[in-house]
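Since the structure comes first, as structure tokens, the remarks are kept for the end.
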């Protein structure tokens, strides 16, 4: 509590998102429900997350009549969360801020005018917003979306950032016919794994490219068990006739790139006349390069996708229906990926793993 | 005539487009109109145009009832004509073939069932087709489009390949609002000059990039006299704040690239959030490169345009209306560019100039 008082001195109340609001006399007149004390991962300046974040105690917040107090259950550490803290993301959250962007919680208390949520409901912020790395969040009813409870909490916690990206990548760029194919690099990423499974559900075939590494045969089998039609390592694709590798799979009309450099060029090579490649990540930190003749004579198009921008459009309701669709697939076992739950108390460990300081780990999901 | 007989031996009649058809008994029964003897620039194999082309005499052709015999007046030597002869164009015309793809001619004779064209009309092949480098062409009425006669013949001869490309580039990719801007490199090309003038007609402002060279100030003035709002040499753009150079011109939503490499990157830098760059040429023979963040966060899209593919769509009629629109602008002095008329007899000289063997020359247009 002592820390918080100090911290609050430097934080104008307007800068807080998901932070306790300071009760005013007016609000007191309408409500007397208080949120429990809470811990939160806060950063007061941008920088390396292991340097600038710390866990602070937040004092109770008084609920306004339309507010809902949510006890967080789980929230992931996504790469974009790290970029936001570093300040390298195009949207620079005003500091001080609470970390985290998506997650799931349970309704703990409701204001007197809340009609559509009840204590015990599972909810996610939708569209997602800053500040899910804390025990209790008080926000207006309208920002919360009630979700089904018959999926593991880590799936509800992670349904937006990665699976929804995969769904939009498949939906927003071309119109598929049955039996059409897509090609992607970075197929082992969670977005990549979701693309494989969502394509399968829609009857779309997938051509998947992975890095050469020890154990790539096991990775291939794993992706095939998810529904991948074919999986190639990059070195397998250093041939002249890529078509010859496809057997009965048609040349894809749509490709996805989350790597850049040569790995993007391979995706382009697979595409058929008039195809589109969508870039949604750049793991290799190399640009995308394409020849003039591919633009003119092969009529290929290059596009980009960013979920956060997409959600700024007037698609909030549509977005919630998609979330429900994805959670239904998760419940039915048709959409899965690996995660590692870590108690919130061990945030530092989870963060070090997410930062890659401790070797390779599955996605880290904080459990509150 | 001796040559032609020899040549014909190696050319199956089905391979000829715009070549004299060998009269058959059936056709004789319907018509007795013959085309005059003609000279044509023919190539029997792909290769360097100054090596593989020669002028041959073609014997008269008997007109079928729907045929029109056109006496060619003028036809340009376009870079794509050279590429077709070289065999490096994606559409490889079957050889032997007559060179040339667009041009204008005067109706010389008509078959008995021709209804909409009369002797003396000016016509262009629309959509264009192979074989305009010859004195007389006999083709069905339907392939010819009657054009106005109050423009210089060299404009009617060149209206399709370059000006129509410029028009489609401005029409097919984004929806403009009044006062919007476009940016282009290679602004001195004929397509570039037409973009400047067509943008002006539509109230769209143009940002133009030219190479650094001796006399670039004169080039700037020339482009400004056509309607260019601003003209920069590439070296002028090696600054951090491109916006600062634009004064009151808004950041462009659409860019055109006919160069590649760094010159394409500069176009991308000018574009505003959500903008599109269309590649329609690659004079520098270097690919286009774009960063991951430009795809994701700046939401830039890269596309290509090829007129020949566009004309393969069901737009032939629409295309003729556009040609008429462009010719109207030419008549009114709102669309102009430099050309050099060369007598057909001096085809070799015109070709050498078009191949760049004799320094810099305006577009070469054969005058028959």
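When only C-alpha pairs under 8 Å and at least 6 residues apart count, what is the relative contact order of the range A:196-344, in percent? Can you show the working numbers first?
Details: 168 pairs, mean separation 24.2, N = 149.
Reported relative contact order: 16 percent.
With R₀ set to 25 Å, the beta-carbon distance separating residue B:269 from residue B:334 gives a calculated FRET efficiency near 0.25. Here residue A:349 yields copy-to-copy label distances, from shortest upward, of 8.8 nm, the label point defined as 7 Å from Cα along Cα to C-beta.
Taking each residue in A:300-308, count the Cβ atoms of any other chain within 10 Å of its Cβ, then average. What number comes out?
Details: counts 3, 6, 10, 8, 13, 3, 6, 1, 2.
The mean count of partner-chain Cβ atoms within 10 Å per residue comes to 6.
Taking a virtual spin label 7 Å from the Cα of residue B:236 along the C-beta vector, which residues in the range B:325-364 bring their backbone nitrogen under 16 Å of it? Counting backbone N atoms under 16 Å from the label point, the list is empty.
Roughly what % antiparallel, to the nearest 5, for the DSSP beta bridges in chain B?
Details: 30 of 54 bridges.
About 55 percent, rounded to the nearest 5.
What separates the Cα centres of the range A:229-250 and the range B:142-193 is a distance of 41 Å.
Just the number, please: percent antiparallel of the DSSP beta bridges in the range A:120-217, rounded to the nearest 5.
50
Legend: mean number of C-beta atoms from other chains within 10 angstrom of residue C-beta atoms, peptide A:274-286, equals 3. For residue B:113, inter-copy separations between label points set 7 Å beyond Cα along the Cβ vector come to 7.9 nm, shortest first.
The antiparallel fraction among DSSP beta bridges confined to the protein assembly as shown stands at about 55%. Residues B:137, A:85, A:249, ranked from the fewest to the most other C-beta atoms within 10 Å, line up as A:249, A:85, B:137. Rounded to the nearest 500, the helix-only mean residue ellipticity at 222 nm of chain B stands at -8000 deg cm²/dmol, with each DSSP H run of n ≥ 4 adding -39,500 (n - 2.57). Listed by Cβ neighbour count within 10 Å, with the fewest neighbours leading, B:270, B:347, A:295 appear as B:347, B:270, A:295. Taking the label point 7 Å along Cα→Cβ, residue A:241 and its counterparts in the other copies are spaced 5.8 nm apart, in ascending order.
Available extension along the chain between residue B:349 and residue B:148 is 69.4 nm, counting 0.36 nm per residue and deducting the alpha carbon span.
May I ask for the distance between the Cα centers of the range B:262-293 and the range A:58-111, given as a whole number of Å? So the two Cα centres are separated by 38 Å.
Which ordering of B:289, B:188, B:313, A:292 is given by a fewest-first count of other beta-carbon atoms within 10 Å? Kindly include the intermediate steps, with their values, before the conclusion.
Values: B:289 17, B:188 20, B:313 9, A:292 24.
Sorted ascending by nearby Cβ count, the order is B:313, B:289, B:188, A:292.
Applying 0.36 nm per residue to the separation of residue B:171 and residue B:221 and subtracting their alpha-carbon distance, the gain on full extension is 15.3 nm.
Computing FRET efficiency as 1/(1 + (r/R0)^6) for residue B:357 and residue B:116, where r is the C-beta to C-beta distance and R0 is 41 Å, gives about 0.45.
Defining a contact as two alpha carbons under 8 Å apart and six or more residues distant in sequence, what relative contact order in percent does chain A show?
Details: 742 pairs, mean separation 55.0, N = 368.
Once divided by the residue count of chain A, the mean separation gives 15 percent.
Taken residue by residue and averaged, Cβ atoms of other chains lying within 10 Å of the Cβ of B:152-162 number 0.
Between residue A:262 and residue B:140, take the C-beta separation as r, use R0 = 51 Å, and let me know the FRET efficiency to the nearest 0.05. Could you put the intermediate results ahead of the total?
Working: r = 50 Å, r/R0 = 0.98.
It comes out at approximately 0.55.
Just so you know, all these numbers are worked out from the coordinates, no wet-lab data involved. Please read these numbers as outputs of a predicted model, since none were measured by experiment. Using ideal geometry, Cβ is built from the backbone for each residue, glycine included, and neighbour counts are taken over all protein chains shown.
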